[in-house]
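The values are calculated or read from the model by the stated rules, or taken from the named source; none is laboratory data. Only a predicted model underlies this, so the values are computations on that prediction, with no experimental measurement involved. Cβ atoms come from the backbone with ideal geometry, glycine included; neighbour counts cover every protein chain shown. Heavy atoms of the whole protein, side chains included, go into the accessibility calculation; ligands, DNA and RNA do not. Shrake-Rupley method; radii C 1.70, N 1.55, O 1.52, S 1.80 Å.
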Amino acid sequence: MAEHPKDLLSLADWPRASVEGLLARAAELKRLRGSDRHPRPLAGRSVLLYFAKPSLRTLVTFQVGVAELGGHPVLLPPGQVRIGEREPLEDVARNLERWVHAVVARVYGHDMIETLAAHARVPVINALSDLLHPCQALADALTVAENADLKHARLTYLGDGNNMAHSLLNLAGCLGLRLVVCTPPDYAPDPGLAERAAERASESGGEIRLESDPRAAVERADFVYTDVWASMGQEDEAAARAEVFRPYQINAELLAAAPASVRLLHCLPAHRGEEITHEVFESDASLVFDQAENRLHAQKAVLELLATPD
Ligand code: CP
Ligand code: NVA
(Lines give C-alpha, C1' and ligand atoms only; values in the text may rest on other atoms or scores of the structure.)
(Ligands and ions follow the chains in the order given, each with its own letter.)
Protein backbone atom coordinates (compact mmCIF):
# COMPACT_ATOMS: atom_id res chain seq x y z
CA MET A 1 0.00 0.00 0.00
CA ALA A 2 1.25 3.54 -0.78
CA GLU A 3 2.69 5.56 2.09
CA HIS A 4 0.00 7.25 4.12
CA PRO A 5 0.13 9.85 6.93
CA LYS A 6 0.41 8.80 10.60
CA ASP A 7 -3.07 10.20 11.20
CA LEU A 8 -6.45 10.25 9.51
CA LEU A 9 -7.37 13.92 9.85
CA SER A 10 -8.40 14.65 6.27
CA LEU A 11 -8.72 12.47 3.16
CA ALA A 12 -7.08 15.36 1.28
CA ASP A 13 -3.75 14.23 2.79
CA TRP A 14 -4.18 10.58 1.86
CA PRO A 15 -2.91 8.90 -1.30
CA ARG A 16 -5.49 7.32 -3.54
CA ALA A 17 -3.97 3.83 -3.29
CA SER A 18 -4.15 3.87 0.51
CA VAL A 19 -7.81 4.86 0.49
CA GLU A 20 -8.59 2.21 -2.13
CA GLY A 21 -6.76 -0.28 0.10
CA LEU A 22 -8.82 0.79 3.12
CA LEU A 23 -12.09 0.31 1.21
CA ALA A 24 -11.07 -3.13 -0.02
CA ARG A 25 -10.04 -4.14 3.49
CA ALA A 26 -13.28 -2.77 4.97
CA ALA A 27 -15.27 -4.97 2.58
CA GLU A 28 -13.11 -7.96 3.58
CA LEU A 29 -13.58 -7.27 7.32
CA LYS A 30 -17.31 -7.01 6.71
CA ARG A 31 -17.27 -10.49 5.14
CA LEU A 32 -15.13 -11.91 7.95
CA ARG A 33 -17.20 -10.45 10.79
CA GLY A 34 -18.23 -13.17 13.23
CA SER A 35 -16.02 -15.85 11.63
CA ASP A 36 -12.95 -17.39 13.27
CA ARG A 37 -10.86 -15.92 10.43
CA HIS A 38 -11.63 -12.40 11.65
CA PRO A 39 -8.30 -10.82 12.77
CA ARG A 40 -7.48 -9.41 16.23
CA PRO A 41 -4.53 -7.15 15.41
CA LEU A 42 -5.25 -4.80 18.32
CA ALA A 43 -4.78 -7.50 20.97
CA GLY A 44 -2.99 -5.95 23.94
CA ARG A 45 -3.51 -2.43 22.56
CA SER A 46 -5.72 0.43 23.75
CA VAL A 47 -7.49 3.15 21.78
CA LEU A 48 -8.63 6.36 23.47
CA LEU A 49 -11.98 7.86 22.48
CA TYR A 50 -12.48 11.57 23.21
CA PHE A 51 -15.82 13.03 22.10
CA ALA A 52 -16.43 16.73 22.75
CA LYS A 53 -19.73 16.60 20.80
CA PRO A 54 -22.65 14.15 20.96
CA SER A 55 -22.52 10.94 18.92
CA LEU A 56 -24.40 7.69 18.42
CA ARG A 57 -22.89 6.05 15.33
CA THR A 58 -19.28 7.15 15.62
CA LEU A 59 -18.95 6.47 19.32
CA VAL A 60 -20.57 3.03 19.23
CA THR A 61 -18.86 1.87 16.03
CA PHE A 62 -15.41 2.86 17.30
CA GLN A 63 -15.99 1.08 20.61
CA VAL A 64 -17.33 -2.05 18.91
CA GLY A 65 -14.66 -1.87 16.21
CA VAL A 66 -11.74 -1.67 18.66
CA ALA A 67 -13.19 -4.57 20.67
CA GLU A 68 -13.77 -6.74 17.57
CA LEU A 69 -10.15 -6.18 16.55
CA GLY A 70 -9.09 -7.49 19.97
CA GLY A 71 -8.23 -4.10 21.50
CA HIS A 72 -9.44 -2.14 24.48
CA PRO A 73 -11.44 1.10 23.94
CA VAL A 74 -10.91 3.75 26.63
CA LEU A 75 -13.61 6.40 26.80
CA LEU A 76 -12.39 9.76 28.13
CA PRO A 77 -15.30 12.15 28.85
CA PRO A 78 -14.36 15.78 28.02
CA GLY A 79 -15.66 16.97 31.41
CA GLN A 80 -13.09 14.75 33.08
CA VAL A 81 -9.98 16.13 31.40
CA ARG A 82 -11.18 19.73 30.72
CA ILE A 83 -8.61 20.34 27.99
CA GLY A 84 -7.18 23.86 28.00
CA GLU A 85 -8.61 24.58 31.43
CA ARG A 86 -7.04 21.96 33.66
CA GLU A 87 -4.15 21.21 31.30
CA PRO A 88 -3.01 22.41 27.84
CA LEU A 89 -3.90 20.21 24.86
CA GLU A 90 -0.22 19.73 24.00
CA ASP A 91 0.41 18.18 27.43
CA VAL A 92 -2.68 15.99 27.18
CA ALA A 93 -1.33 14.67 23.86
CA ARG A 94 2.09 13.94 25.40
CA ASN A 95 0.46 11.99 28.22
CA LEU A 96 -1.88 9.99 26.01
CA GLU A 97 0.88 8.81 23.69
CA ARG A 98 2.55 7.06 26.65
CA TRP A 99 -0.50 4.89 27.37
CA VAL A 100 -2.60 4.26 24.27
CA HIS A 101 -1.87 3.15 20.72
CA ALA A 102 -4.26 5.56 18.96
CA VAL A 103 -6.58 8.46 19.74
CA VAL A 104 -10.00 8.92 18.17
CA ALA A 105 -11.32 12.45 18.69
CA ARG A 106 -14.51 14.38 17.89
CA VAL A 107 -13.94 18.10 18.32
CA TYR A 108 -15.33 21.52 17.46
CA GLY A 109 -12.45 23.45 15.84
CA HIS A 110 -10.39 21.41 13.38
CA ASP A 111 -7.22 23.08 14.71
CA MET A 112 -7.69 21.12 17.92
CA ILE A 113 -7.34 17.75 16.21
CA GLU A 114 -4.36 19.03 14.22
CA THR A 115 -2.66 20.14 17.45
CA LEU A 116 -3.42 16.80 19.06
CA ALA A 117 -1.92 14.94 16.10
CA ALA A 118 1.13 17.21 16.03
CA HIS A 119 1.93 16.57 19.71
CA ALA A 120 1.06 12.89 20.05
CA ARG A 121 3.34 10.34 18.41
CA VAL A 122 0.45 7.87 18.16
CA PRO A 123 -2.08 7.99 15.30
CA VAL A 124 -4.98 10.40 15.68
CA ILE A 125 -8.25 9.67 13.88
CA ASN A 126 -10.75 12.45 13.17
CA ALA A 127 -14.18 11.33 14.38
CA LEU A 128 -15.66 14.66 13.11
CA SER A 129 -14.60 18.26 13.42
CA ASP A 130 -16.40 21.43 12.38
CA LEU A 131 -14.45 21.18 9.11
CA LEU A 132 -14.38 17.47 8.22
CA HIS A 133 -15.85 14.00 8.77
CA PRO A 134 -13.53 11.60 6.92
CA CYS A 135 -14.68 8.35 8.60
CA GLN A 136 -18.23 9.00 7.41
CA ALA A 137 -17.02 9.63 3.85
CA LEU A 138 -15.13 6.31 3.86
CA ALA A 139 -18.28 4.46 4.97
CA ASP A 140 -20.23 6.29 2.26
CA ALA A 141 -17.73 5.21 -0.41
CA LEU A 142 -18.12 1.62 0.77
CA THR A 143 -21.93 1.96 0.58
CA VAL A 144 -21.86 3.40 -2.93
CA ALA A 145 -19.42 0.67 -4.03
CA GLU A 146 -21.83 -1.98 -2.75
CA ASN A 147 -24.55 -0.58 -5.01
CA ALA A 148 -22.74 0.75 -8.09
CA ASP A 149 -19.39 1.17 -9.77
CA LEU A 150 -17.88 3.77 -7.41
CA LYS A 151 -15.66 5.35 -10.06
CA HIS A 152 -18.52 5.94 -12.49
CA ALA A 153 -21.40 6.64 -10.11
CA ARG A 154 -22.79 10.18 -10.10
CA LEU A 155 -23.14 11.48 -6.56
CA THR A 156 -24.99 14.68 -5.66
CA TYR A 157 -24.76 16.28 -2.23
CA LEU A 158 -27.51 18.79 -1.38
CA GLY A 159 -27.61 21.16 1.56
CA ASP A 160 -25.02 22.90 3.70
CA GLY A 161 -21.40 23.27 2.56
CA ASN A 162 -20.36 21.78 5.90
CA ASN A 163 -17.99 19.12 7.27
CA MET A 164 -19.86 16.41 5.37
CA ALA A 165 -19.73 18.30 2.07
CA HIS A 166 -16.01 18.93 2.65
CA SER A 167 -15.23 15.29 3.30
CA LEU A 168 -17.20 14.14 0.27
CA LEU A 169 -15.24 16.68 -1.79
CA ASN A 170 -11.97 15.30 -0.39
CA LEU A 171 -13.12 11.74 -1.05
CA ALA A 172 -14.03 12.59 -4.64
CA GLY A 173 -10.69 14.36 -5.08
CA CYS A 174 -8.76 11.46 -3.63
CA LEU A 175 -10.49 8.70 -5.62
CA GLY A 176 -11.41 10.64 -8.77
CA LEU A 177 -15.20 10.45 -8.34
CA ARG A 178 -18.07 12.31 -10.00
CA LEU A 179 -19.57 14.68 -7.45
CA VAL A 180 -21.94 17.63 -7.57
CA VAL A 181 -22.18 19.73 -4.38
CA CYS A 182 -25.31 21.86 -4.40
CA THR A 183 -25.74 24.51 -1.70
CA PRO A 184 -27.38 27.91 -1.30
CA PRO A 185 -24.84 30.47 -2.60
CA ASP A 186 -24.09 31.79 0.91
CA TYR A 187 -23.49 28.30 2.29
CA ALA A 188 -21.03 26.99 -0.31
CA PRO A 189 -18.13 24.78 0.80
CA ASP A 190 -14.73 26.27 1.55
CA PRO A 191 -13.55 27.54 -1.88
CA GLY A 192 -9.90 26.52 -1.43
CA LEU A 193 -10.79 23.02 -0.29
CA ALA A 194 -13.28 22.60 -3.14
CA GLU A 195 -10.78 23.86 -5.71
CA ARG A 196 -8.02 21.51 -4.53
CA ALA A 197 -10.45 18.59 -4.52
CA ALA A 198 -11.67 19.42 -8.04
CA GLU A 199 -8.12 19.62 -9.36
CA ARG A 200 -7.19 16.32 -7.76
CA ALA A 201 -10.37 14.63 -9.02
CA SER A 202 -9.76 15.75 -12.59
CA GLU A 203 -6.23 14.30 -12.49
CA SER A 204 -7.70 10.84 -12.02
CA GLY A 205 -10.69 10.97 -14.33
CA GLY A 206 -13.22 12.36 -11.84
CA GLU A 207 -15.26 15.54 -11.96
CA ILE A 208 -16.44 17.90 -9.23
CA ARG A 209 -19.02 20.61 -9.84
CA LEU A 210 -20.40 23.20 -7.44
CA GLU A 211 -24.02 24.13 -8.08
CA SER A 212 -26.83 26.09 -6.44
CA ASP A 213 -29.85 24.83 -8.42
CA PRO A 214 -31.21 21.64 -6.78
CA ARG A 215 -33.08 20.41 -9.87
CA ALA A 216 -30.03 20.74 -12.11
CA ALA A 217 -27.95 19.03 -9.42
CA VAL A 218 -30.07 15.88 -9.20
CA GLU A 219 -30.86 15.53 -12.92
CA ARG A 220 -28.32 12.77 -13.62
CA ALA A 221 -27.64 11.61 -10.06
CA ASP A 222 -27.30 7.93 -9.17
CA PHE A 223 -27.07 8.87 -5.47
CA VAL A 224 -28.45 11.93 -3.69
CA TYR A 225 -26.93 12.73 -0.31
CA THR A 226 -27.97 15.19 2.36
CA ASP A 227 -27.10 16.21 5.92
CA VAL A 228 -28.68 18.41 8.58
CA TRP A 229 -29.01 22.11 7.79
CA ALA A 230 -27.66 23.18 11.20
CA SER A 231 -24.71 21.14 12.42
CA MET A 232 -23.71 20.53 16.01
CA GLY A 233 -22.71 23.90 17.44
CA GLN A 234 -25.04 25.83 15.05
CA GLU A 235 -28.29 25.10 16.90
CA ASP A 236 -29.09 28.80 17.40
CA GLU A 237 -28.99 29.32 13.61
CA ALA A 238 -31.49 26.51 12.94
CA ALA A 239 -34.57 28.68 12.33
CA ALA A 240 -32.81 31.10 9.96
CA ARG A 241 -31.15 28.24 8.10
CA ALA A 242 -34.47 26.36 7.70
CA GLU A 243 -35.77 29.26 5.58
CA VAL A 244 -32.70 29.43 3.31
CA PHE A 245 -32.38 25.69 2.84
CA ARG A 246 -36.07 24.89 2.16
CA PRO A 247 -35.56 24.53 -1.66
CA TYR A 248 -32.80 21.99 -0.98
CA GLN A 249 -35.05 19.51 0.83
CA ILE A 250 -34.99 15.99 -0.63
CA ASN A 251 -38.65 15.28 -1.32
CA ALA A 252 -40.74 13.47 -3.93
CA GLU A 253 -41.09 16.59 -6.06
CA LEU A 254 -37.34 17.16 -6.30
CA LEU A 255 -36.68 13.47 -6.92
CA ALA A 256 -39.09 13.58 -9.88
CA ALA A 257 -36.26 15.50 -11.59
CA ALA A 258 -33.76 12.68 -10.85
CA PRO A 259 -33.42 9.29 -12.57
CA ALA A 260 -36.03 6.79 -11.26
CA SER A 261 -33.22 4.52 -10.02
CA VAL A 262 -31.71 7.19 -7.72
CA ARG A 263 -30.62 6.01 -4.24
CA LEU A 264 -30.56 8.17 -1.10
CA LEU A 265 -27.80 8.73 1.38
CA HIS A 266 -27.71 10.57 4.72
CA CYS A 267 -24.97 10.47 7.35
CA LEU A 268 -27.60 10.69 10.14
CA PRO A 269 -29.00 11.88 12.45
CA ALA A 270 -31.78 12.99 10.08
CA HIS A 271 -34.30 15.73 10.75
CA ARG A 272 -37.37 14.47 8.93
CA GLY A 273 -39.42 17.33 7.48
CA GLU A 274 -36.32 19.51 7.17
CA GLU A 275 -33.54 18.26 4.85
CA ILE A 276 -35.48 15.09 3.92
CA THR A 277 -39.15 14.13 4.03
CA HIS A 278 -40.32 11.19 6.12
CA GLU A 279 -41.62 9.50 2.95
CA VAL A 280 -38.27 9.67 1.15
CA PHE A 281 -36.29 8.72 4.25
CA GLU A 282 -38.37 5.56 4.66
CA SER A 283 -38.49 4.67 0.95
CA ASP A 284 -36.85 1.62 -0.61
CA ALA A 285 -34.35 3.95 -2.29
CA SER A 286 -32.85 4.85 1.09
CA LEU A 287 -29.46 3.34 2.01
CA VAL A 288 -29.00 5.27 5.24
CA PHE A 289 -28.78 2.31 7.62
CA ASP A 290 -26.30 0.54 5.32
CA GLN A 291 -24.18 3.68 5.60
CA ALA A 292 -24.49 3.53 9.39
CA GLU A 293 -23.47 -0.14 9.42
CA ASN A 294 -20.53 0.55 7.14
CA ARG A 295 -19.10 3.02 9.66
CA LEU A 296 -18.06 -0.04 11.66
CA HIS A 297 -16.32 -1.83 8.80
CA ALA A 298 -14.62 1.27 7.38
CA GLN A 299 -13.29 2.36 10.79
CA LYS A 300 -12.02 -1.14 11.57
CA ALA A 301 -9.95 -0.96 8.39
CA VAL A 302 -8.59 2.43 9.52
CA LEU A 303 -7.76 1.13 13.02
CA GLU A 304 -6.10 -1.98 11.63
CA LEU A 305 -3.94 0.11 9.32
CA LEU A 306 -3.00 2.87 11.77
CA ALA A 307 -3.12 1.41 15.28
CA THR A 308 -1.18 -1.82 14.82
CA PRO A 309 2.61 -2.27 14.71
CA ASP A 310 4.28 -2.27 11.23
N1 CP B 1 -23.04 10.17 11.25
C2 CP B 1 -22.48 10.35 12.46
O3 CP B 1 -21.32 10.69 12.61
O4 CP B 1 -23.33 10.07 13.49
P5 CP B 1 -23.05 10.43 15.03
O6 CP B 1 -22.99 11.92 15.13
O7 CP B 1 -24.21 9.83 15.78
O8 CP B 1 -21.75 9.81 15.43
N1 NVA C 1 -22.87 18.06 9.78
C2 NVA C 1 -23.30 17.27 10.93
C3 NVA C 1 -22.85 15.86 10.78
C4 NVA C 1 -23.31 14.94 11.87
C5 NVA C 1 -22.82 13.55 11.70
C6 NVA C 1 -22.76 17.89 12.20
O7 NVA C 1 -21.58 18.28 12.22
O8 NVA C 1 -23.49 18.02 13.17
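Miscellaneous remarks
- Accessible surface area normalised per residue over the stretch 166-226 is 42 Å², counting heavy atoms of protein chains with a 1.4 Å rolling probe.
- Shape call, the stretch 22-98: gyration tensor on alpha carbons, a/c limit 1.5: prolate
- Principal-axis analysis of the Cα atoms of the chain puts helix 288-306 at an angle of about 40° to the longest axis.
- The fraction of accessible area contributed by carbon and sulfur in the chain is 49 percent, rounded to a whole number (1.4 Å probe; ligands and nucleic acids excluded).
- Here the spin labels are modelled as points 7 Å beyond Cα on the Cα-Cβ line, and at residue 64 and residue 199 they lie 4.0 nm apart.
- Karplus-based coupling profile of the stretch 111-123, in residue order and whole Hz: 4, 5, 6, 5, 5, 4, 5, 6, 9, 10, 7, 8, x, with θ = phi - 60° in 6.51 cos²θ - 1.76 cosθ + 1.60 and x standing for Gly or Pro.
- Nearest 10 degrees, 0 to 90: helix 16-32 Cα axis against the chain principal axis: 80 degrees
- Principal-axis tilt of helix 134-147 within the chain, Cα atoms, nearest 10 degrees: 60 degrees
- Evaluated at q = 0.24, 0.25 Å⁻¹: base-10 log I(q)/I(0), Debye formula over Cα of the stretch 85-169: -1.10, -1.16
- Rg [Å, one decimal], Dmax [Å, integer] - the chain, C-alpha atoms: 18.9, 56
- Cα convex hull of the stretch 133-196 - mean projected area over all directions, nm²: 3.9 nm²
- Additional length obtainable on full extension of the chain from residue 36 to residue 118, 0.36 nm per residue less Cα span: 25.8 nm
- A straight Cα-to-Cα reach below 25 Å connects residue 30 with the lysines 6, 151, 300, residues fewer than 8 places away in its own chain not being considered.
- If you plug the beta carbon distance of residue 75 and residue 268 into 1/(1 + (r/R0)^6) with R0 = 30 Å, you get a FRET efficiency near 0.90.
- The amide H of residue 157, built 1.01 Å from its N in the peptide plane, has 180, 181, 182, 225 as neighbours under 5 Å, considering only residues 5 or more places off or on other chains.
- Segment residue 257-residue 239, extension gain: residue separation times 0.36 nm, minus the distance between their alpha carbons: 3.7 nm
- Backbone amide hydrogens, once placed in the peptide plane, bring residue 6 within less than 5 Å of nothing, excluding anything fewer than 5 places away on its chain.
- Residue order for 289, 223 - accessible surface, 1.4 angstrom probe, largest first: 289, 223
- The residue 219 and residue 98 beta-carbon pair, evaluated with R₀ = 45 Å, returns a calculated FRET efficiency of approximately 0.25.
- Taking all Cα pairs closer than 8 Å and separated by 6 or more residues, the relative contact order of the stretch 134-203 comes to 34 percent.
- Between amide H atoms placed 1.01 Å from N, distances below 5 Å from residue 208 occur with 179, all of them 5 or more places distant or on a separate chain.
- Protection proxy ranking of 34-44, 170-180, by the mean of other Cβ atoms within 10 Å over each peptide's residues and highest first, is 170-180, 34-44.
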